[in-house]
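Okay, so here's the structure we're looking at.
The values are calculated or read from the model by the stated rules, or taken from the named source; none is laboratory data. Since the structure is predicted, the reported quantities are computational estimates derived from the model, not experimental observations. Here the Cβ is made from the backbone with ideal geometry for all residues, glycine too, and neighbour counts use every protein chain on show. Heavy atoms of the whole protein, side chains included, go into the accessibility calculation; ligands, DNA and RNA do not. Shrake-Rupley method; radii C 1.70, N 1.55, O 1.52, S 1.80 Å.
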Amino acid sequence: MLRIDTSAVPAKKLEALLPQTLEAHKKLQSKSGAGAAFTDWVTLPDDFDRDEYKRLREAAERAAGLGEVMVVVGIGGSYLGSRAVIEYLLSPFYNGTAGKKTPDILFAGCNLSGDALQRLTDRIGGRDFTVNVISKSGGTTEPAVAFRYFRALCEKRYGKDGAKKRIFAATDKSRGILKTLSDAEGYEAFVIPDGVGGRYSVLTPVGLLPIAAAGVDTDALLDGARVMMEACRSAGGLDNPALAYAAARSALYRDGKKIEVLASFDPDFVYMGEWWKQLYGESEGKDGKGLFPAAVSYTADLHSMGQYMQEGERILFETFVRADTPKGGIRVETDPANTDGLNFLAGKTVDEINDAAYEGTKKAHTDGGVPCLTVDTGPKGAASLGELIYFFEYACGVSGYLLGVNPFDQPGVEAYKKNMFELLGKPGV
Ligand code: PA5
């Protein structure tokens, strides 16, 4: 079970925030706070359409049989979660794994680069492919542009009927252009529940179809989320890890910290950092308030951001995410000549050296005036990742309420779109 160490924050500061934290917790549980209409993710691990989930698993298997590549078209909450889970559990090199039976998962529609779209097309090459288009609103420009392109490519290669079998949609149950299009074309469609916003939707068909297609155990992921959901529901004090995390972040923010840096020593965690950044940035950054969420991947970033972390402005705190991983991998061998002077490491595994880097970094940053929180996930795997996802979501909801914002809207995202549409001459703008 996941554990959090908040000892960097004085206990009396956490206790002082307890009444407000419990108030926020109650609002989430009773679905009575700001943006309550978008809090169905709170009970999602228990409360989802089992028949649709079964259909989704079958579709994932079918897609794997239909092509060596699945192109996932989506942006923001419609792609970051699945990419994060796939990279964390199967590795960032998943797509290049020789001999795997599951399709490559390529992400499109998350930018507006023509070059990137062309390179992705080149990467598919002559291989058979399927398309999973994901958009809750059904009309987001980036995925809409990419989908128009891949739909045409698919129809050109497989004909209209063939394309129909290869295109899977995830969208609103009744509204939006993608829903209309899916109905008209007869694509297999999955419902993004009304009460779950994009960045809280990784455990809905948004994330689960590509994750299942890549061969991740989605049952274990949901089981883990259910364990954390129960823990969050039942423990109403600082023994609730999500409440402890939310209270600690809030105490540090009130003490003048402006940036939270999520740090991992696991290179597979990079996209989890991206997912977390969206979750917290889009949920909290409003009304002139909110911690700025940054993420680093150590030890690589110790050689780029390490200097700032150690000696830059003291406006940040750090949250380390740690998982137990087997330590038996590659070892440093003894070299009789010892020309590189590394024999002091001989016999140690690379992971043991990584652990020492973590301990050394945490101590150095603490000594340098950076408060360090630590989230321990337990053994790395689908179940503990499900716990971690729910933990971050729940703590995010509580944090937003502690901050006094609605953590479930994103009005600021519209501003760039208005300007872009004006420039592009969209009718009616
Ligand atoms: O969290 C959110 O709501 C957003 O980041 C959306 O996920 C993102 O903008 C994509 O929206 P849509 O799924 O409607 O295309």
request  = Of all residues in segment 373-382, count the ones that are buried (at least 19 other Cβ atoms within 10 Å of the Cβ) and in a strand (DSSP E or B).
outcome  = 3
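Going through T349, T366, T361 one at a time, which residue ends up being of a type in the set (V, I, T), open to solvent by 30 Å² or more (accessible area, probe 1.4 Å) and farther than 30 Å from G198 by Cα?
T366
When you go through S82, S78, S137 one by one, which is the residue that is crowded, with 16+ Cβ neighbours inside 10 Å, at pLDDT below 95 and polar (S, T, N, Q)?
Working: S82 fails: at pLDDT below 95; S78 fails: at pLDDT below 95.
None of the other options fit; the residue is S137.
In segment 23-73, which residue that is in a strand (DSSP E or B) and among the β-branched types (V, I, T) is nearest to I211 (Cα to Cα)?
Taking segment 23-73 first, the residues in a strand (DSSP E or B) are 39, 69-73.
Next, from what is left, pick out any that are among the β-branched types (V, I, T): 39, 69, 71-73.
Numbers: T39: 23, V69: 13, V71: 12, V72: 11, V73: 14 Å.
The residue in question is V72.
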remark   = Of the conditions (1) more than 14 Å from the ligand (Cβ to nearest atom); (2) touching a helix residue (DSSP H, G or I) at 6+ places or on another chain (Cβ under 7 Å); (3) over 24 Å from T102 (Cα atoms), the single one that F168 does not satisfy is (3)
inquiry  = Please go through (1) more than 16 Å from the ligand (Cβ to nearest atom); (2) under 19 Å from D268 (Cβ atoms); (3) touching a Ser or Thr at 6+ places or on another chain (Cβ under 7 Å) for A98 and return the number of the only condition it doesn't satisfy.
reply    = (3)
query = Looking at this structure, is E230 touching a strand residue (DSSP E or B) at 6+ places or on another chain (Cβ under 8 Å) and open to solvent by 20 Å² or more (accessible area, probe 1.4 Å)?
reply = no
key: Residue count for segment 255-279, restricted to those that are farther than 14 Å from L388 by Cβ and either open to solvent by less than 50 Å² (accessible area, probe 1.4 Å) or in contact with a Gly (Cβ under 8 Å, 6 or more places away or on another chain) (or both)   = 8
query = Is it the case that segment 62-74 has a residue that's β-branched (V, I, T) and within 14 Å of the ligand (Cβ to nearest atom)?
reply = yes
request  = Taking the residues in segment 171-193 that are exposed (fewer than 14 other Cβ atoms within 10 Å of the Cβ) and not hydroxyl-bearing (S, T, Y) as candidates, determine which candidate is farthest from the ligand (Cβ to nearest atom).
outcome  = G186
remark   = So, first residue touching a residue at least 60 places away in the same chain (Cβ under 8 Å) and open to solvent by less than 20 Å² (accessible area, probe 1.4 Å) in segment 213-227, second residue assigned to a helix (DSSP H, G or I) and of a type in the set (D, E), Cβ within less than 8 Å, six or more apart or across chains; the pairs are G224/E387; A225/E387
ask   = Taking segment 379-429, which residues are of a type outside the set (A, V, I, L, M), away from the ligand (no atom under 13 Å from the Cβ) and in contact with a Lys or Arg (Cβ under 7 Å, 6 or more places away or on another chain)?
value = S399, Y401
query = How many of the residues making up segment 278-297 are within 18 Å of the chain's Cα centre (by Cα) and not aliphatic (A, V, I, L, M)?
reply = 10
remark   = Being open to solvent by 50 Å² or more (accessible area, probe 1.4 Å) and not small (G, A, S) narrows E393, E422 down to just E422
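Table: residues versus (1) under 18 Å from V191 (Cα atoms); (2) not small (G, A, S).
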{"site": "L56", "(1), (2)": "yes, yes"}
{"site": "A59", "(1), (2)": "yes, no"}
{"site": "R62", "(1), (2)": "no, yes"}
{"site": "G65", "(1), (2)": "no, no"}
{"site": "G77", "(1), (2)": "yes, no"}
{"site": "A84", "(1), (2)": "no, no"}
{"site": "L89", "(1), (2)": "no, yes"}
{"site": "F93", "(1), (2)": "no, yes"}
{"site": "T97", "(1), (2)": "no, yes"}
